[in-house]
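S.K.: Here it is, the structure, as structure tokens.
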Amino acid sequence: MKAVKEFVVPAAVLTVICIVVSAALAGTYELTEPVIEAAKKAEADAARAVVLPEGDSFSELDISGLENIVDAYSANNGAGYVITAVSKGYGGDMQVMVGIGSDGAITGTQLLSNSETQGIGSKVGEDSFTSTFVGVDSAGVDGVATISGATVSSTAFKTAVTSAFQAYGELAGVEVATPEAVDPKTVIFPDVAEFEEITVDGAKMAYKAADAGYILVMESQGFSGAKIPMEVYVGVAPDGTIAGVAVGENEETPGYGSKALEQSYLSAYIGQTSPDNIDNISGATETSVGIKKAVRAAMELVPGLLGDASASAEGSAETPAEGEESVETMAPAGEDVEIQAAGVESAILHSDGSMTITAAGAGYRAAVGNVYVTVTITADGVIDSLSVDASIETEGVGSLAEEASYTDSWVGLSEGEAPAAISGATVTSNAVSEAVAKAFAAFNASKGA
């Protein structure tokens with residue numbers, strides 16, 4: 001009997017208490033669940049009303065089959081839609097909420113979850129940027145200016161807005177206006193109405209642009225991570241000079257390689273007979289080099305195209321067969337020529353025997369891209385100048401490799417020598433050393449060493 005009092009009764013009491021409490025909790029949950037859900041919905045509706053102020057309440061829509069869309073809601077009063085889209089920013093996935101009114105214009109945008117660099121990429125969440133989209137329709141998104149110093153993040157924001165517009169078109173059952181695709185041929189010869197397709201051995205495609213000249217379409221690998229090569233359109237004037245360069249299909253990285261696709265850069269080719277005097281663009285070295293290779297290949301076809309060997313690109317160095325290394329030691333007097341050298345992105349031989357070489361090294365963010373070093377080596381094998389493109393590296397850490405306090409420390413050093421690594425940025429420093437080593441290897445090969 002004593003055992004019953006000591007063990008059974010307390011256990012029975014506890015069991016009854018648990019049952020009563022559980023029942024009470026269940027009852028409370030049943031009573032409060034609608035209240036909680038209503039509060040959550042009101043909070044979510046309030047957030048959506050920030051980007052679509054005319055919306056009173058919202059209903060969730062089915063987004064099955066829509067790419068890059070997180071969720072979508074329509075305003076119950078017909079004011080428009082609120083769509084959240086995702087795109088790849090500098091630090092990872094970026095979610096952007098976009099309000100689109102019934103007239104198809106943006107009523108507001110808001111940056112949601114993101115991993116952009118604080119103080120740099122995070123600027124895309126500031127009103128000074130998000131407000132620039134208000135009143136813009138789908139055809140005007142490209143015209144919104146990106147943020148200087150945060151090109152990748154602001155381009156990703158614009159990409160998310162474009163995805164939201166595409167979803168809006170599907171959900172609202174309306175035709176969404178999109179910018180017309182620009183024909184690269186008309187970029188080069190804007191006054192030519194018709195282009196006659198012709199066959200030119202060595203070119204992917206070729207066109208006769210009436211009396212204005214010709215266009216040769218070449219393929220070249222740009223960014224090493226791109227799955228497809230770039231289509232590079234090279235315009236040739238009747239006198240054998242370059243009439244213009246434009247890029248067609250490509251997968252160059254927005255904000256990085258895409259910088260080399262802009263006409264503000266490509267216009268430097270106009271009037272040239274080779275790419276020798278065209279600089280690579282900072283942050284887009286691989287793309288720049290790919291374009292230069294395509295232009296060089298196109299200009300090699302010009303003599304046969306024009307039927308006049310004298311139209312050949314003047315000043316262009318004879319390039320070795322694929323896989324061979326250049327053994328030129330001096331450029332023609334007063335001229336700089338680009339030569340081929342294994343293991344580097346580009347190599348320019350100067351008339352005094354010095355060379356300017358761009359090479360890549362694997363830094364902290366090697367999975368995303370490389371660190372690029374452009375170094376000038378004197379004929380005696382001493383570094384005369386050095387610059388670093390570490391825009392892919394962490395801002396304020398690896399990016400310190402771009403500063404003069406570090407790059408100037410390389411001046412005067414010879415092969416095998418290197419300054420002290422940057423504190424906290426050893427991996428990036430090693431990437432610079434790797435690129436410099438490749439540059440010296442190319443330099444020695446050009447001397448026959």
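The values are calculated or read from the model by the stated rules, or taken from the named source; none is laboratory data. Since the model is a prediction, treat every value here as computed from it, not as a measurement. We place every Cβ from the backbone using ideal geometry, glycine too, and count neighbours over all the protein chains shown. Side chains included, ligands, DNA and RNA excluded: accessible areas come from the protein's heavy atoms. Shrake-Rupley method; radii C 1.70, N 1.55, O 1.52, S 1.80 Å.
S.K.: Conditions: (1) touching a helix residue (DSSP H, G or I) at 6+ places or on another chain (Cβ under 6 Å); (2) surrounded by fewer than 24 Cβ atoms within 10 Å (Cβ to Cβ); (3) at pLDDT 90 or above; (4) not aromatic (Phe, Trp, Tyr). Residue 127 meets all but one. Number of the miss?
M.R.: Every condition holds for residue 127 apart from (1).
S.K.: Please work out which one of (1) hydroxyl-bearing (Ser, Thr, Tyr); (2) in a helix (DSSP H, G or I); (3) over 27 Å from residue 78 (Cα atoms); (4) in contact with a strand residue (DSSP E or B) (Cβ under 9 Å, 6 or more places away or on another chain) is the condition residue 128 fails and give its number.
M.R.: Of everything listed in (1) hydroxyl-bearing (Ser, Thr, Tyr); (2) in a helix (DSSP H, G or I); (3) over 27 Å from residue 78 (Cα atoms); (4) in contact with a strand residue (DSSP E or B) (Cβ under 9 Å, 6 or more places away or on another chain), residue 128 misses just condition (4).
S.K.: So in the stretch 143-176, with the set limited to residues that are within 19 Å of residue 84 (Cα to Cα) and charged (D, E, K, R), which one is least open to solvent (accessible area, probe 1.4 Å)?
M.R.: Filtering the stretch 143-176 for residues that are within 19 Å of residue 84 (Cα to Cα) and charged (D, E, K, R), the one least open to solvent (accessible area, probe 1.4 Å) comes out as 158.
S.K.: Separate question: Considering only the stretch 188-197, state which residues are assigned to a strand (DSSP E or B) and in contact (Cβ under 8 Å) with a residue 12 or more places away in the chain.
M.R.: Answer for the stretch 188-197, where residues must be assigned to a strand (DSSP E or B) and in contact (Cβ under 8 Å) with a residue 12 or more places away in the chain: just 196.
S.K.: Considering 140, 99, 149, which residue is outside any helix (DSSP H, G or I) and either farther than 30 Å from residue 246 by Cα or modelled with pLDDT of 85 or more (or both)?
M.R.: That would be 99, the only listed residue that is outside any helix (DSSP H, G or I) and either farther than 30 Å from residue 246 by Cα or modelled with pLDDT of 85 or more (or both).
S.K.: Taking residue 179, is it farther than 21 Å from residue 396 by Cβ, surrounded by fewer than 20 Cβ atoms within 10 Å (Cβ to Cβ), over 17 Å from the mean Cα position of the chain (by Cα) and modelled with pLDDT under 85?
M.R.: Yes, satisfied.
S.K.: Next up: Please state which one of 122, 87, 113 is of a type in the set (Ser, Thr, Tyr) and assigned to a helix (DSSP H, G or I).
M.R.: After applying the criteria, what remains is 122.
S.K.: Just for the stretch 277-313: of the residues that are acidic (Asp, Glu) and modelled with pLDDT of 85 or more, which one is nearest to residue 435 (Cα to Cα)? Before the answer, list the steps.
M.R.: At the first step, the residues of the stretch 277-313 found to be acidic (Asp, Glu) are 279, 286, 300, 308.
After this cut, where a residue has to be modelled with pLDDT of 85 or more as well, the list is 279, 286, 300.
On the way: 279: 18, 286: 14, 300: 30 Å.
Here the answer is 286.
So that you can scan it fast, the table gives a plain yes or no per residue for (1) open to solvent by less than 10 Å² (accessible area, probe 1.4 Å); (2) without any contact (Cβ under 8 Å) to a residue 24 or more places away in the chain; (3) out of contact with any His (no Cβ under 8 Å at 6 or more places or on another chain):
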| residue | (1), (2), (3) |
| --- | --- |
| 340 | no, yes, yes |
| 347 | yes, no, yes |
| 358 | yes, no, yes |
| 364 | no, no, yes |
| 370 | no, no, yes |
| 379 | no, no, yes |
